[in-house]
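In what follows, a structure is listed as structure tokens, so that the remarks can point back to it.
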Amino acid sequence: MLNIGCHLSASKGFLSMGKEAVSIEANTFQFFTRNPRGFQAKPLDLDDVNAFLLYIKDKNFAPIVAHAPYTLNGCSADPKIRHLATQTMLDDIQRMEYLPNNYYNFHPGSHVRQGVETGITYIVKMLNTILTPEQTTTVLLETMAGKGSEIGRNFRELQTIMENVTLNHKLGICLDTCHVWDGGYDIVGNLENVLEEFDKIIGIHKLCAVHLNDSKNICGSHKDRHETIGNGHIGLDALVRIINHPSLCHLPFELETPNDLNGYAQEIRLLRSLYTQS
Ligand code: FE
Ligand code: FE
Ligand code: ZN
């Protein structure tokens, strides 16, 4: 069974997201832990969390993906911003422990003229402060398109972070198809080589989730503009090869395409109909 869902608004709570997902034949979803462009978060409603966990119990759900706010930057030159990033991620992960064994995805950060090496040092330091041996949440580093000074624009940068984090068995990777394509990985013409490179540098077993997006731009553009499935430069055929690839087909796929709920429902229906794995 294809594990697929989409980004949903968290404003009405977990049970509401669960029902919304089921209504569009999704069996996973992604949501922002708090205001994506700020840091404010509502207190966690444990009744809602437990009602959600009960609701999805018999519905074959794959892990769900919490997404950190975009504004979180653990490698800012400003120590106050780094501190805020650490506190925010710590609080997010503590909340996620009420929904055990799921994923928490974040953008590694932007080094803004400090250089990749300095940026990576800060990200490693943040993760070493936050991760605990007891946590059940796996923290995912997202592959980035490499716009501006984004860290995570290639597999090597992500691996350098991972190999320097002490509890790196608590880390994984979320591969965003639009981002890697914009970052210069030809997943259309050469998916096999890209996955081989991923395996050689990071290890394919570290790949935990996929953001399934088409791209408005060409390979290597470093732009990061998502397109609806089949209407961009990646195209439907390549995306269908991705969901069916033996190394990927069991992962949760999250759509982050520019869509309303009805658009997501149509993409999920289409992709389910083109899934040929058991
Ligand atoms: Fe993201
Ligand atoms: Fe993404
Ligand atoms: Zn993106």
Original post:
Within the group Asn50, Asn60, Asn35, which residue is open to solvent by 10 Å² or more (accessible area, probe 1.4 Å), under 28 Å from Ala265 (Cβ atoms), among the polar types (S, T, N, Q) and touching a residue at least 40 places away in the same chain (Cβ under 8 Å)?
Top reply: Asn60
Subject >> Residue list for region 236-260, restricted to those being under 18 Å from Ile64 (Cβ atoms) and open to solvent by 60 Å² or more (accessible area, probe 1.4 Å) >> reply: His250
**OP:** Please work out if Ile243 is part of a loop (DSSP other than H, G, I, E, B) and more than 13 Å from ligand 2 (Cβ to nearest atom).
**Re:** no
Original post:
Quick one: Gln87 ticks every box in (1) away from ligand 3 (no atom under 16 Å from the Cβ); (2) in contact (Cβ under 8 Å) with a residue 24 or more places away in the chain; (3) farther than 21 Å from Ala209 by Cα bar one, so which box is it?
Top reply: (2)
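For region 64-76, name all the residues that are under 14 Å from the mean Cα position of the chain (by Cα) and buried (at least 18 other Cβ atoms within 10 Å of the Cβ). Lay out the reasoning, then the answer.
From region 64-76, those under 14 Å from the mean Cα position of the chain (by Cα) are 64-70; that's our starting set.
Within region 64-76, Ile64, Val65, Ala66, His67, Ala68, Pro69 meet the criteria.
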**OP:** Inspect region 194-207 for any residue being within 30 Å of Ile130 (Cα to Cα), within 15 Å of ligand 1 (Cβ to nearest atom), small (Gly, Ala, Ser) and modelled with pLDDT of 95 or more and give the result as yes or no.
**Re:** no
Original post:
Applying the selection to region 261-278, what residues are exposed (fewer than 15 other Cβ atoms within 10 Å of the Cβ), small (Gly, Ala, Ser) and part of a helix (DSSP H, G or I)?
Top reply: Ser273
**OP:** Determine whether Leu127 is assigned to a helix (DSSP H, G or I) and either among the basic types (Lys, Arg) or open to solvent by less than 10 Å² (accessible area, probe 1.4 Å) (or both).
**Re:** yes
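Being in contact (Cβ under 8 Å) with a residue 24 or more places away in the chain, of a type in the set (A, V, I, L, M, F, W, C) and buried (at least 23 other Cβ atoms within 10 Å of the Cβ) narrows it down to one of Val139, Val188, Val165, so name that one.
Numbers: Val188 fails: buried (at least 23 other Cβ atoms within 10 Å of the Cβ); Val165 fails: buried (at least 23 other Cβ atoms within 10 Å of the Cβ).
Checking each option against the conditions leaves just Val139.
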**OP:** Report, by residue number, each residue of region 202-225 that is surrounded by 15 or more Cβ atoms within 10 Å (Cβ to Cβ) and β-branched (Val, Ile, Thr).
**Re:** Ile202, Val210
Original post:
Considering His233, His211, which residue is within 15 Å of ligand 3 (Cβ to nearest atom) and more than 15 Å from the chain's Cα centre (by Cα)?
Top reply: His233
**OP:** Evaluate the following for Leu84: is it surrounded by fewer than 22 Cβ atoms within 10 Å (Cβ to Cβ) and within 19 Å of the chain's Cα centre (by Cα)?
**Re:** no
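The values are calculated or read from the model by the stated rules, or taken from the named source; none is laboratory data. Note that the structure is a prediction, hence the values are computed from the model and not measured. Cβ atoms come from the backbone with ideal geometry, glycine included; neighbour counts cover every protein chain shown. For the accessible areas, the whole protein counts, side chains as well, though only heavy atoms, and no ligand, DNA or RNA atoms are used. Shrake-Rupley method; radii C 1.70, N 1.55, O 1.52, S 1.80 Å.
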